[in-house]
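Readers should treat all values here as calculations from the given coordinates under stated rules, not as data from a laboratory. The model shown is predicted, which means the values in this text are computed figures rather than measured ones. All Cβ positions, glycine included, derive from the backbone under ideal geometry; neighbour counts span all protein chains shown.
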Amino acid sequence: MTQDRSDQGFTVTDKRHFTAQGEIREQGAEKAAQAASSGQAGTEARPPRQEPEQAGAEEHIDFPSYILTYYTQGLVLLGEVPNPYTNKKEENLDAARHTIEILAMLQGKTRGNLTSEEDQLLDNVLYELRMKFMARTNRIKL
């Protein structure tokens, strides 16, 4: 009996109520109509949430943009550029050191898996942030 179950394999059933275009599937439409008639407005009757393309965000997230996000954060924490929320240059060396350590960890974990451009970008970002950090802590003069 247990052998019959293991030979059978498995079946995948798509239980999503909306298609990728946001249209209600036929099975989902029937359930939504039943829920509406019985007074139970459940998740089936809810429209799909807006996708980033529909919301106007056309940004493509990739590894270089991820690295540049940390780079920008590092510059803000080092007081090199103004904080976008306060428009003031603020310095937080502990947080800047933490950001540099995160980038160094990413460099170690992704070694050998990056394109030459991504590897060069990460090297340059780390070098620049480290030099600016050293200058801020009066260890070197730039």
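Under conditions of 4 °C and 1.567 mPa s, region 63-136 yields 104 µm² s⁻¹ as its translational diffusion coefficient, taking Rh as the Kirkwood radius over Cα pairs in the Stokes-Einstein equation. Each label point was placed 7 Å from the Cα along the Cα-to-Cβ direction; for residue 94 and residue 68 their separation is 3.2 nm.
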